Amino acid sequence: MMGQTAPMREAAKHAILILGALIVIIPFYVMVSYSLKSPREIESNTGGFFGAQAPMVDEYCVKVGNPKEDCLETPVIFNYSQAIKKAPLFRYLLNGVIVTASIFLLQVLIALPCAYALSKLRFWGREFVFSLVMFCLLIPVHAIALPIYIMLAKIGLTNTYASLVIPWTISVFGIFLMRQFFMTVPDDLIDAARMDGMSEFSIVWKVMLPTAIPALLAFAIFSVVAHWNDYFWPRIVITGDRDLYTPPLGLREFQGDADGSMWGPMMATATIIVTPLLVVFMLAQRRFIEGITLTGMK
Amino acid sequence: MAVSSKNTGFWFVAPAVSLMFLLLIAPVLVAAFLSFTDYSLGNQGFSWVGLENYIKMFSRSTYSKMISASVTYVLLVVPLSIGLGLGAALLINSVRHFGDFYKTIYFLPVMAALLAMAIVWEFTLHPTIGLVNETLADGCGAWTETVFSFGWIPGIDGGQSWYSKGCQDSFPLWFGDKSYSMGTVAFIGIWQAFGFNMVLYLAGLTSVPRELYQAAEMDGAYRAWDRFRLVTWPMLGPTTVFVVTITTIRSFQVFDTVEAITHGGPSKSTYVMMYAIYEKGIQQNLMGIGSAITLVFLVFVLLLTLVQRYFVERKVHYA
């Protein structure tokens with residue numbers, strides 16, 4: 001009996017999974033497809049996935065006073081070139097890199113010595129510090145945005161890179177994760193390093209850091225994904241200065257000004273912003289999923 | 001251990017501890033303090049208003065709508081994204097081929113910037129030219145209408161079905177209609193979150209010992225459902241407690257979709273707490289009431305975590 005039902009059952013499972021996959025894919029399909037099509041094709045929902053790529057007239061170019069023949073462009077080129085020209089998209093991407101990288105480096109710089117001390121050193125107040133870490137794990141940083149914003153505004157730091165980075169420099173979660181990892185490192189390793197005359201400071205960076213690479217990589221994935229995609233915090237502290245926009249903020253401003261004809265360029269912008277992480281994820285899938293689950297499982 | 005480590009330990013934790021006080025503890029205290037005032041940024045002073053902000057929160061309809069929007073969102077997203085996550089994990093775990101492929105696809109929304117995807121969903125669900133409504137309209141009068149109006153099931157009037165009515169009249173405005181807006185925003189939340197839960201459940205499933213299934217089968221659990229009920233589900237207990245907590249806390253923090261698409265509307269149907277904090281505190285510079293909402297928010301999160309700890313200590317662990 002099993003022999004007959006198993007293939008059917010297997011097929012049914014795949015049918016459900018494929019249906020789910022199609023629904024999950026819809027917005028990605030729309031995003032990439034719209035970024036390739038002309039406004040007319042978008043509005044009439046024609047042209048399939050790639051659009052006909054018939055040359056279209058750039059209305060703005062005509063308005064400026066150029067003859068129509070000079071303003072013909074292929075939709076895909078129009079969309080992506082507009083995405084870059086209308087807003088300083090590369091600047092946004094660069095800001096995204098600067099901010100996520102600074103956040104991660106500072107988090108490690110502050111969390112690693114603390115995690116080492118909590119797991120391998122004996123000192124007065126250690127239990128207190130550990131309970132403090134456990135308590136702070138309860139506080140979502142997004143929730144206390146208002147008081148942090150007020151504090152930053154009082155010292156005149158809003159609209160700076162510092163305001164984008166400072167609130168995230170302390171990652172209690174990072175401390176906790178690294179401490180758990182360091183607990184598994186044998187004491188002999190550290191004692192041997194001490195025998196060799198290494199200072200505690202260099203033990204952290206030359207002995208502990210290299211052993212902690214897997215955990216650190218998981219934490220890096222967690223941190224970079226969270227801050228590259230974060231929209232709430234930049235929205236709050238960056239109010240006017242376009243030069244400081246992070247990618248999601250840049251896209252949101254684009255949405256604010258866009259009329260119907262700019263949908264193509266907007267989707268091109270969205271594609272450019274979303275793609276880097278997705279590509280890295282596809283390349284290092286196993287690591288990503290392990291990283292996210294490891295950091296998720298606490 | 002070396003004597004010098006006494007001081008070293010202190011210096012190693014000092015930066016982290018000062019930052020914890022400065023960036024986590026102090027802000028909570030500041031928020032608590034400001035929630036009893038009418039402070040605005042830029043004003044010289046402020047006056048004490050006592051419990052006024054809290055009284056407002058529990059008397060004005062705006063804030064009761066806020067609480068109900070947040071709670072509705074959480075109650076929609078948490079069970080559905082966990083159910084789908086678990087379902088996907090079980091299916092992927094049991095198919096012979098392509099499991100990794102589905103896993104990759106389902107995980108994509110977790111990696112993509114929610115704000116960008118919210119804007120794409122807004123296009124996709126555009127009332128007139130969005131892909132969803134166009135596809136629905138294309139199906140009108142064709143075999144799809146016959147199938148999905150369910151008139152072929154005895155006892156159901158196909159003409160009165162959701163689909164046929166949509167064909168005659170028009171399909172929903174999704175974000176623009178207050179009876180659909182919350183459901184639609186929650187749908188995006190579920191779409192985004194279930195892949196994350198799936199991955200956690202897949203990790204949980206790998207720790208279920210094979211022998212338990214054999215033992216259960218020997219004891220008469222022949223049906224898949226029985227094996228799930230007797231072995232898989234109890235063994236996934238710790239994962240479930242964790243998944244529920246993290247999904248709930250994250251759902252309470254929903255902001256991107258609301259800010260980009262609905263702005264809390266129509267008629268406050270999607271006015272969730274994080275958006276309220278942003279609107280009151282940042283946009284309208286009403287720091288007093290914003291802080292009061294912050295405090296209520298923190299209490300919610302604290303309660304949730306305490307409930308989680310309680311469950312963990314009650315040994316949801318069977319291993």
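The values are calculated or read from the model by the stated rules, or taken from the named source; none is laboratory data. None of these values were measured; they are calculated from a predicted model. A quick note on method: Cβ atoms are made from the backbone with ideal geometry, for glycine too, and the neighbour counts reach across all protein chains shown. Heads up: the accessible areas ignore ligands, DNA and RNA and are worked out on the full protein's heavy atoms, side chains in. Shrake-Rupley method; radii C 1.70, N 1.55, O 1.52, S 1.80 Å.
Whether any residue in region A:102-109 is of a type outside the set (A, V, I, L, M), closer than 27 Å to A:Ala218 by Cβ and more than 20 Å from the chain's Cα centre (by Cα) is what I want to check.
First, pick out the residues of region A:102-109 that are of a type outside the set (A, V, I, L, M): A:102, A:104, A:107.
Now narrow it down to the ones that are closer than 27 Å to A:Ala218 by Cβ: A:102, A:104, A:107.
Filter once more, keeping what is more than 20 Å from the chain's Cα centre (by Cα): none.
There is no residue in region A:102-109 that is of a type outside the set (A, V, I, L, M), closer than 27 Å to A:Ala218 by Cβ and more than 20 Å from the chain's Cα centre (by Cα).
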For region A:72-106, give me each residue that is among the polar types (S, T, N, Q), open to solvent by 30 Å² or more (accessible area, probe 1.4 Å) and in the same structural domain as A:Pro276 (by TED's automatic domain parsing).
A:Ser102
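State whether one or more residues within region A:176-189 are among the hydroxyl-bearing types (Ser, Thr, Tyr) and in contact (Cβ under 8 Å) with a residue 24 or more places away in the chain. Spell out the reasoning first.
To start, the set of residues in region A:176-189 that are among the hydroxyl-bearing types (Ser, Thr, Tyr) comprises A:184.
Imposing the further condition that a residue be in contact (Cβ under 8 Å) with a residue 24 or more places away in the chain reduces the set to none.
Scanning region A:176-189 turns up no residue that is among the hydroxyl-bearing types (Ser, Thr, Tyr) and in contact (Cβ under 8 Å) with a residue 24 or more places away in the chain.
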Out of B:Val185, B:Val208, report the one residue that is of a type in the set (Val, Ile, Thr) and at pLDDT 90 or above.
B:Val185
Take the residues of region A:145-160 that are among the aliphatic types (A, V, I, L, M) and in a helix (DSSP H, G or I): which is most open to solvent (accessible area, probe 1.4 Å)?
A:Met151
Listed by first then second residue, the pairs whose first member lies in region A:32-50 and is closer than 16 Å to A:Thr271 by Cα, whose partner is small (Gly, Ala, Ser) and assigned to a loop (DSSP other than H, G, I, E, B), with beta carbons under 6 Å and at least 6 positions apart or on separate chains, are A:Leu36/A:Gly51; A:Lys37/A:Gly47; A:Lys37/A:Gly51
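Which is within 13 Å of chain A (Cβ to nearest Cβ) and in contact (Cβ under 8 Å) with a residue 12 or more places away in the chain, of B:Ser35, B:Ser18?
Working: B:Ser18 fails: in contact (Cβ under 8 Å) with a residue 12 or more places away in the chain.
Answer to the selection: B:Ser35.
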Restricting to helices (runs of 4 or more DSSP H) lying wholly in region A:1-79: which have 2 or more residues that are away from chain B (no Cβ under 14 Å)?
A:2-36, A:59-63
Spot the failing condition for A:Ala212; the list is (1) within 11 Å of another protein chain (Cβ to nearest Cβ); (2) crowded, with 17+ Cβ neighbours inside 10 Å, and only one is missed.
(1)
Cβ pairs under 6 Å, 6+ apart or interchain, first in region B:171-197 and part of a helix (DSSP H, G or I), second open to solvent by less than 20 Å² (accessible area, probe 1.4 Å) and among the aromatic types (Phe, Trp, Tyr), ordered by first then second residue, are B:Ala186/B:Tyr73; B:Ile188/B:Trp121; B:Gly195/B:Tyr106; B:Gly195/B:Phe107
Step by step: first the residues of region B:220-253, then only those that are in a loop (DSSP other than H, G, I, E, B) and at pLDDT below 85, then the one that is least open to solvent (accessible area, probe 1.4 Å). Which residue is that?
B:Ala221
Here the residues within region A:137-148 that are of a type outside the set (A, V, I, L, M) and modelled with pLDDT of 90 or more are A:Pro147
Testing B:Val95 on (1) at pLDDT 90 or above; (2) surrounded by fewer than 22 Cβ atoms within 10 Å (Cβ to Cβ), one condition comes back false. Which one is that?
(1)
Every residue in region A:161-199 that is more than 18 Å from A:Ile221 (Cα to Cα), at the interface with chain B (Cβ under 10 Å from one of its Cβ atoms) and either among the aliphatic types (A, V, I, L, M) or open to solvent by 20 Å² or more (accessible area, probe 1.4 Å) (or both), please.
A:Ile166, A:Asp187, A:Ile190, A:Asp191, A:Arg194, A:Ser199
Anything in region A:222-251 that is over 9 Å from B:Ala113 (Cα atoms), outside any helix (DSSP H, G or I) and within 17 Å of the chain's Cα centre (by Cα)? List them, or say none.
A:Tyr245, A:Thr246
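For (1) within 30 Å of B:Lys103 (Cβ to Cβ); (2) open to solvent by 40 Å² or more (accessible area, probe 1.4 Å), each residue gets a yes or a no:
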site	(1), (2)
A:Ala21	yes, no
A:Phe28	yes, no
A:Glu43	no, yes
A:Phe50	yes, yes
A:Asp70	no, yes
Taking region A:247-274 only, how many residues are modelled with pLDDT of 90 or more and more than 9 Å from chain B (Cβ to nearest Cβ)?
2
Being loosely packed, with under 15 Cβ neighbours inside 10 Å and more than 30 Å from A:Ala162 (Cα to Cα), is that true of even one residue in region B:33-47?
yes
Residues within region B:124-143 that are touching an Asp or Glu at 6+ places or on another chain (Cβ under 8 Å) and either part of a helix (DSSP H, G or I) or of a type in the set (A, V, I, L, M, F, W, C) (or both), tallied
1
Just to be sure before I move on: is A:Val165 closer than 19 Å to B:Thr8 by Cα and touching a residue at least 40 places away in the same chain (Cβ under 8 Å) in the structure I sent?
no
What do you reckon, is B:Ala292 more than 20 Å from the chain's Cα centre (by Cα), open to solvent by less than 10 Å² (accessible area, probe 1.4 Å) and within 12 Å of chain A (Cβ to nearest Cβ)?
yes
Give me the pairs: first residue in region A:127-149 and at the interface with chain B (Cβ under 7 Å from one of its Cβ atoms), second residue at pLDDT below 85 and open to solvent by less than 30 Å² (accessible area, probe 1.4 Å), beta-carbon distance under 8 Å, and six or more apart or on different chains, which are they?
A:Leu138/B:Thr305
Given the condition of a type outside the set (A, V, I, L, M) and within 14 Å of another protein chain (Cβ to nearest Cβ), answer yes or no: does some residue in region B:141-162 qualify?
no
Any chance B:Lys280 is in contact with a helix residue (DSSP H, G or I) (Cβ under 9 Å, 6 or more places away or on another chain), open to solvent by less than 40 Å² (accessible area, probe 1.4 Å) and either assigned to a loop (DSSP other than H, G, I, E, B) or free of Cβ contacts under 8 Å to residues at least 40 places away in the same chain (or both)
yes
B:Trp174 fails exactly one of the following numbered conditions: (1) at positive phi; (2) more than 21 Å from the chain's Cα centre (by Cα). What is the number of that condition?
(2)
Name the pairs whose Cβ atoms lie under 7 Å apart, with the first residue in region B:104-117 and within 16 Å of A:Leu249 (Cβ to Cβ) and facing another protein chain (nearest Cβ under 7 Å), the second open to solvent by less than 10 Å² (accessible area, probe 1.4 Å) and among the hydroxyl-bearing types (Ser, Thr, Tyr), and 6 or more positions between them or separate chains?
B:Leu114/B:Thr257; B:Leu115/A:Tyr231
